[in-house]
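A quick write-up on the structure given underneath.
The values are calculated or read from the model by the stated rules, or taken from the named source; none is laboratory data. Since the structure is predicted, the reported quantities are computational estimates derived from the model, not experimental observations. Cβ: placed from backbone, ideal geometry, glycine included. Neighbour counts: every protein chain shown.
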């Protein structure tokens, strides 16, 4: 059995965690990293991650550079939140015959803001026989994929509500900045209005829900708002310092109207020193369903898990620009990847 | 766009509810029912369900009889809990080119107890280019599919625990009998040991979990036990009467050992007058994840939902004897069924 040859594009905090988790997978062979930072290009993936087995694995300046040395089956893309820029980066990978899983948030449903680029990428995927998917914990699981899965036991769906409260105190630096930590509330609100801060991919979560429910809404029906959460005492984390009166996080909401009714109601709080992290999803309809994660679903670790765990399902999916809802459920066994009619051929297993 | 021509095999309580729900789906055309009961064969599906639009839809004595009048694209199979008997019934449907979704509980993972028949059915599916799946709410969702979906955000999975408590007081008659209601505890225990009572498909839930996690267990590693739940006061439902000291339900458990560790721990209570129905799923690992449905997931309605909602995903899946974990996530729009690269072509929708 040949391992899957995987390259990591983007070596920020998430990219490096991705490499570390991937190194635990017997089905994966890590063939290189890619990053624009010259300081990282001088080091091996072993040096950057502390995993000695990767001491001989190089970091390249570009995907082209990597390809001169090794051809990947899969590229893991963790390089920013711009859907247009990400599709520009991913297109050459697809044309080179590589599947791509990405944490770029709006790639969860890129058709919402970039339908033309999405259609071109979808066509390129079909031509090359490979698949691309945008994934993560949020977007990618808690407020979109999970509610969709829940509706499998619904005979009628009137409204989908999801509330997520995240304590960002111990999260990575880029995330603490993204939620406005340490900014004056007006400054943060202004950056959000310019699309330069806030939780990315939130409207795409709503768009994926609407898509799966068959609610044919337009982008104008998806309304997103943000309120800064203001600190009432000083906060100091590993990455930022917040004075009283400054922003310690965000309260962001997305609401979708369809045929005169509020059908999607998403409510997200991510803040430093936020005290009761949890996730709740409610499907109003028949039956009424309420699900909670009393302690919440952790962020960064779950994002990396979602990225790596999507690989076996992605490479066996139908070629194209896929949605997370179009992939099979997770499968964690290396045998799964090279199955025949099944991911795993159950008849070949000992369960009989 | 042609509607999907669907026949309902088995017209017990679940089969009739299935027809009623299906009648609400614009993508479905109900072409006939099939039941061995001559009294039902004399009536139309309209008479049996109260839906006048089905007044001209007949009930046939067999699948062959149906085929003389109309060829179905899909058959919904709700006719008992024997995997061998169900596969015998389903095989001619597959050979006639029909996809089949079934509530036969052990069909969730038929390879566990009937690997040879499963392999033959899988081969027949591939030859005919159709798919078969076993589904439902439990097995089919709460204690198997849902935990597998949760592990999509796990970097390590040590143990899967699921607890389900169901109040069966208002459930259908066959289910109240299945859980032993009104039997002497010894009688019920004896019937369970003979495979004639108790919750069916429980070991298959565990087998599907093990399969998805890559835990290569054998049937001997899956240990199922049952304790009757005894009434301490008289109970009378629409279907049964229970005296004090008689059985009012079951407490059934499945435990799976793998490499010396308890890796799967499923705990099910289904009883009349059970006071706090709920569902809890725990993934022990990294991260630790606990999810609860504080009010539980209702049974019969959710079973029918799971059956019908599987159809769009089943007919677009890879041909074969599929697992629920191999299907895409639910999609509720009729457009979804005739898509191109996607179930729905997002570029064709208004979400842009």
Can you name the strands (runs of 3 or more DSSP E) wholly within the range B:256-331 that have at least 3 residues being within 11 Å of another protein chain (Cβ to nearest Cβ)?
B:278-286, B:289-293
Log entry, pairs with first residue in the range B:215-234 being over 22 Å from residue B:197 (Cα atoms), second being exposed (fewer than 14 other Cβ atoms within 10 Å of the Cβ), beta carbons closer than 7 Å, six or more apart or on different chains, reads B:216/A:350; B:217/A:350; B:218/A:350; B:233/B:244
With (1) within 14 Å of chain B (Cβ to nearest Cβ); (2) surrounded by fewer than 24 Cβ atoms within 10 Å (Cβ to Cβ); (3) under 22 Å from the mean Cα position of the chain (by Cα) as the list, and residue A:205 as the residue in question, which single condition is left unmet?
(2)
For the range B:219-236, what are the residues that are part of a loop (DSSP other than H, G, I, E, B) and surrounded by 13 or more Cβ atoms within 10 Å (Cβ to Cβ)?
B:231
Looking at the range B:4-22, can you tell me whether even one residue there is over 22 Å from the mean Cα position of the chain (by Cα), closer than 18 Å to residue B:72 by Cα and in a strand (DSSP E or B)?
no
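The rows are residues; the columns are (1) assigned by TED's automatic domain parsing to the domain that holds residue B:25; (2) closer than 26 Å to residue B:254 by Cβ.
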| site | (1), (2) |
| --- | --- |
| B:80 | yes, yes |
| B:93 | yes, no |
| B:108 | yes, yes |
| B:114 | yes, yes |
| B:150 | no, yes |
| B:154 | no, yes |
Of all residues in the range A:197-214, how many are without any contact (Cβ under 8 Å) to a residue 60 or more places away in the chain and assigned to a loop (DSSP other than H, G, I, E, B)?
3
When you scan the range A:25-44, do you find a residue that is assigned to a helix (DSSP H, G or I), touching a helix residue (DSSP H, G or I) at 6+ places or on another chain (Cβ under 7 Å) and touching a residue at least 60 places away in the same chain (Cβ under 8 Å), even just one?
no
Would you mind telling me which numbered condition in (1) crowded, with 24+ Cβ neighbours inside 10 Å; (2) modelled with pLDDT of 95 or more residue B:112 fails?
(2)
Go through the range A:68-87 and count every residue that is assigned to a helix (DSSP H, G or I) and surrounded by 19 or more Cβ atoms within 10 Å (Cβ to Cβ).
3
Among the listed residues B:239, B:278, which satisfies the condition of being surrounded by fewer than 21 Cβ atoms within 10 Å (Cβ to Cβ) and out of contact with any helix residue (DSSP H, G or I) (no Cβ under 8 Å at 6 or more places or on another chain)?
B:278
